[in-house]
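Asker: Take this structure, written in structure tokens, and hold onto it; I'll ask about it next.
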Amino acid sequence: MRHIAIIGSGPAGYYTAEAAQKALGGTAKVDVFDSLPVPYGLIRTGVAPDHQSIKGVSRRYEKVALSENVRFVGNVKVGRDVTVAELQELYDAVVFATGAPRDRPLDIPGAELGNVFGSAAFVGWYNGHPEFAALNPDLSGKTAVIIGMGNVALDCARILAKSREEFAGSDIVGHALETLAGAQIERIILLGRRGPHQIMMTPKELSELGHLARAAPHVAPGDLPGEAEDALLEPGLRKAVTALRQFAATPEHIRAEKPLAIEFAFFSQPHSLEGDGQVQEIIIERTRLEEGRAHGTGEIEHLPADLVISCIGYRTVPISGVPFDEREGRFTNSEGRISPGLYCVGWARRGPSGTIGTNRPDGYGVVELIEADANAGVLGSEAKQGRVGFDALAKARGLDVVTFRDWKKIEEAEERAARDGSPREKFVDIEAMVRAGR
Ligand SMILES: Cc1cc2nc3c(=O)[nH]c(=O)nc-3n(C[C@H](O)[C@H](O)[C@H](O)COP(=O)(O)OP(=O)(O)OC[C@H]3O[C@@H](n4cnc5c(N)ncnc54)[C@H](O)[C@@H]3O)c2cc1C
């Protein structure tokens with residue numbers, strides 16, 4: 001029997017469990033740990049609450065979670081409740097699927113001012129991640145600045161721009177819905193160092209901005225390169241740039257019908273933030289593109305900024321004893337192998353890029369590596385105790401483990417508490433989750 005511990009129950013974790021189950025069947029027992037009492041990682045706490053169809057992928061993970069020999073071990077944080085060394089004693093292979101939950105720091109003067117957040121915190125707030133549920137952003141100002149030109153920036157802009165009615169059918173948490181409904185924001189500025197051809201936005205998500213009830217996207221026609229240059233772009237980006245061209249072509253009097261403007265500020269890099277305790281202004285430096293890279297021109301501009309959200313990427317949290325690549329912000333690995341017996345998948349392996357599906361081959365690849373290492377005899381020859389040993393350790397340590405059955409009770413309680421038309425009202429603190437699971 002092969003004993004595998006997967007740390008993290010997001011997409012990468014469950015694709016790995018699925019792969020192990022398919023490749024090894026009844027000869028492997030897989031424990032999927034998570035520090036939260038609830039599974040699915042960013043499917044629950046990252047993917048936008050108004051994109052429910054995307055969250056539907058969790059049904060596939062549930063099938064894996066319910067299959068024989070796979071179990072969920074929730075409310076156990078590896079590195080705090082149990083060490084990696086202890087897990088390695090118990091399991092033949094330990095796979096990190098811990099994602100990249102920390103914001104890459106916004107390294108400019110003033111970043112520590114109030115009402116300046118990273119997207120992990122802001123997204124966690126509206127999605128009910130227990131760590132960020134109490135964030136309480138101040139949305140009483142007129143101008144929000146979002147730094148970054150990727151899909152996470154789009155999510156943040158769209159969530160800030162939507163009316164209460166537009167959240168119908170979403171599972172945005174109640175506290176965020178109420179705060180957003182009272183927001184006074186009239187202007188959302190999306191700031192990007194480079195130009196329209198360098199955005200990291202996908203066309204579908206970008207086009208959504210053109211269909212909002214009370215907000216209209218603004219793109220300055222002068223920022224767009226000549227249309228002929230679009231032909232050189234890969235098809236997805238070309239479509240996204242076409243959406244930008246449509247925004248730029250919308251006549252001013254049509255845009256003005258909407259009270260909220262979402263402005264694309266290209267060729268602008270953040271220089272510093274200013275304010276008196278709380279942010280009031282962002283100072284930007286205009287840039288110029290040279291061979292696809294942004295260079296500061298020295299031309300400085302001041303923009304109002306009552307709220308700043310930086311969407312500039314994420315980092316994996318290091319775990320004691322596991323080699324970490326500081327520059328890349330993820331575990332040091334070769335194709336998912338950290339060392340024989342220790343592996344990583346998903347964002348913990350590659351960094352924060354790609355879609356949910358991009359994590360699937362990681363899971364399948366790492367199971368092949370585990371098999372290759374087992375067959376090469378480098379995983380050690382002694383029989384490991386696996387979950388029996390972990391259960392004994394958890395008992396001795398008084399860990400309050402949440403099982404998949406407990407999670408289903410939490411899920412039912414969340415569904416019962418849902419607002420009209422909403423799939424669920426999430427619990428936003430760990431104790432309430434654990435209580436609901438009992
Ligand atoms: C805001 C946002 C929106 C997104 N929207 C989309 C979208 O619409 N479509 C799309 O295709 N992709 C989207 N993505 C990308 C997608 O969410 C990721 O590709 C995917 O979640 C990465 O999977 P993962 O398993 O590596 O990490 P995660 O999903 O982050 O899962 C990591 C898990 O590990 C757990 N964990 C961390 N540390 C520990 C520890 N020490 N002990 C135990 N457990 C631990 C965490 O609690 C978490 O459950 C979005 C990402 C973000 C940030």
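Asker: With the requirement that a residue be surrounded by fewer than 20 Cβ atoms within 10 Å (Cβ to Cβ) and among the hydroxyl-bearing types (Ser, Thr, Tyr), what does the range 330-371 give you?
Answerer: The answer is THR332, SER334, SER339, SER353, THR355, THR358, TYR364.
Asker: Would the range 56-75 turn up any residue that is within 10 Å of the ligand (Cβ to nearest atom), within 16 Å of the chain's Cα centre (by Cα) and not in a loop (DSSP other than H, G, I, E, B)?
Answerer: No; the residues of the range 56-75 include none that is within 10 Å of the ligand (Cβ to nearest atom), within 16 Å of the chain's Cα centre (by Cα) and not in a loop (DSSP other than H, G, I, E, B).
Asker: Going by the structure shown, is GLY41 closer than 21 Å to ALA413 by Cα, of a type in the set (Gly, Ala, Ser), open to solvent by 20 Å² or more (accessible area, probe 1.4 Å) and near the ligand (Cβ under 10 Å from one of its atoms)? Before the answer, list the steps.
Answerer: Working: closer than 21 Å to ALA413 by Cα: yes; of a type in the set (Gly, Ala, Ser): yes; open to solvent by 20 Å² or more (accessible area, probe 1.4 Å): yes; near the ligand (Cβ under 10 Å from one of its atoms): yes.
Considered against the rule, which asks whether it is closer than 21 Å to ALA413 by Cα, of a type in the set (Gly, Ala, Ser), open to solvent by 20 Å² or more (accessible area, probe 1.4 Å) and near the ligand (Cβ under 10 Å from one of its atoms), GLY41 comes out as yes.
Asker: Under 8 Å by Cβ, and 6 or more places apart or on different chains, what pairs join a residue from the range 75-90 that is open to solvent by 70 Å² or more (accessible area, probe 1.4 Å) with one that is within 9 Å of the ligand (Cβ to nearest atom)?
Answerer: LYS77/SER35; ARG80/SER35
Asker: If you don't mind, there's one more thing I want to ask. Mind listing just one residue for me: the one in the range 98-111 that is within 13 Å of the ligand (Cβ to nearest atom) and in a loop (DSSP other than H, G, I, E, B) and, of those, most open to solvent (accessible area, probe 1.4 Å)? It would help to see each step written out before you state the result.
Answerer: In the first step, residues of the range 98-111 are kept if they are within 13 Å of the ligand (Cβ to nearest atom); the result is 98-104.
Still in the running and in a loop (DSSP other than H, G, I, E, B): 98-101, 104.
Values: THR98: 45, GLY99: 20, ALA100: 7, PRO101: 58, ARG104: 116 Å².
Filtering the range 98-111 for residues that are within 13 Å of the ligand (Cβ to nearest atom) and in a loop (DSSP other than H, G, I, E, B), the one most open to solvent (accessible area, probe 1.4 Å) comes out as ARG104.
Asker: Tell me, yes or no, whether the range 122-138 has at least one residue that is closer than 20 Å to ALA28 by Cα and either surrounded by fewer than 21 Cβ atoms within 10 Å (Cβ to Cβ) or out of contact with any Asp or Glu (no Cβ under 9 Å at 6 or more places or on another chain) (or both). Working first, answer last.
Answerer: Our first condition is that a residue be closer than 20 Å to ALA28 by Cα; within the range 122-138, this holds for none.
Among the residues of the range 122-138, not one is closer than 20 Å to ALA28 by Cα and either surrounded by fewer than 21 Cβ atoms within 10 Å (Cβ to Cβ) or out of contact with any Asp or Glu (no Cβ under 9 Å at 6 or more places or on another chain) (or both), which makes the answer no.
Asker: Given the conditions (1) near the ligand (Cβ under 8 Å from one of its atoms); (2) of a type in the set (Val, Ile, Thr); (3) in contact with a Gly (Cβ under 9 Å, 6 or more places away or on another chain), report the number of the one that VAL32 does not fulfil.
Answerer: (1)
Asker: Name the residues in the range 76-95 that are part of a strand (DSSP E or B) and within 14 Å of the ligand (Cβ to nearest atom), would you?
Answerer: Residues of the range 76-95 part of a strand (DSSP E or B): 78, 82, 93-95.
The answer is VAL78, VAL82, VAL94, VAL95.
Asker: As an exercise: evaluate GLY114 against (1) more than 29 Å from GLU371 (Cα to Cα); (2) within 11 Å of the ligand (Cβ to nearest atom); (3) surrounded by fewer than 23 Cβ atoms within 10 Å (Cβ to Cβ) and give the number of the one condition it does not meet.
Answerer: (2)
Asker: Something else: Hey, can you tell me all the residues within the range 259-290 that are charged (D, E, K, R) and either farther than 22 Å from ASN151 by Cβ or at pLDDT below 95 (or both)?
Answerer: Quick first cut of the range 259-290, residues charged (D, E, K, R) only: 263, 274, 276, 281, 285-286, 288, 290.
Result: GLU274, ASP276, GLU281, GLU285, ARG286, ARG288, GLU290.
Asker: OK, next. Kindly indicate which of HIS253, HIS197 is surrounded by 14 or more Cβ atoms within 10 Å (Cβ to Cβ) and either free of Cβ contacts under 8 Å to residues at least 60 places away in the same chain or of a type outside the set (A, V, I, L, M) (or both). Before the answer, list the steps.
Answerer: Working: HIS253 fails: surrounded by 14 or more Cβ atoms within 10 Å (Cβ to Cβ).
It is HIS197.
Asker: Anything in the range 283-303 that is open to solvent by 50 Å² or more (accessible area, probe 1.4 Å) and under 17 Å from VAL116 (Cα atoms)? List them, or say none.
Answerer: The answer is HIS302, and nothing else.
Asker: ASP306 - would you say it is surrounded by 13 or more Cβ atoms within 10 Å (Cβ to Cβ) and over 23 Å from MET201 (Cα atoms)?
Answerer: On the way: surrounded by 13 or more Cβ atoms within 10 Å (Cβ to Cβ): yes; over 23 Å from MET201 (Cα atoms): yes.
Considered against the rule, which asks whether it is surrounded by 13 or more Cβ atoms within 10 Å (Cβ to Cβ) and over 23 Å from MET201 (Cα atoms), ASP306 comes out as yes.
Asker: Report, by residue number, each residue of the range 315-329 that is open to solvent by less than 50 Å² (accessible area, probe 1.4 Å) and either of a type in the set (D, E, K, R) or near the ligand (Cβ under 9 Å from one of its atoms) (or both).
Answerer: Our first condition is that a residue be open to solvent by less than 50 Å² (accessible area, probe 1.4 Å); within the range 315-329, this holds for 316, 319, 322, 324-325, 329.
Across the range 315-329, the qualifying residues are THR316, ILE319, ASP325.
The values are calculated or read from the model by the stated rules, or taken from the named source; none is laboratory data. Everything numeric in this text was worked out from a predicted model, so none of it was measured. Virtual Cβ from ideal backbone geometry, glycine too; neighbours counted across all protein chains shown. Accessible surface areas use protein heavy atoms only, side chains included; no ligands, DNA or RNA. Shrake-Rupley method; radii C 1.70, N 1.55, O 1.52, S 1.80 Å.
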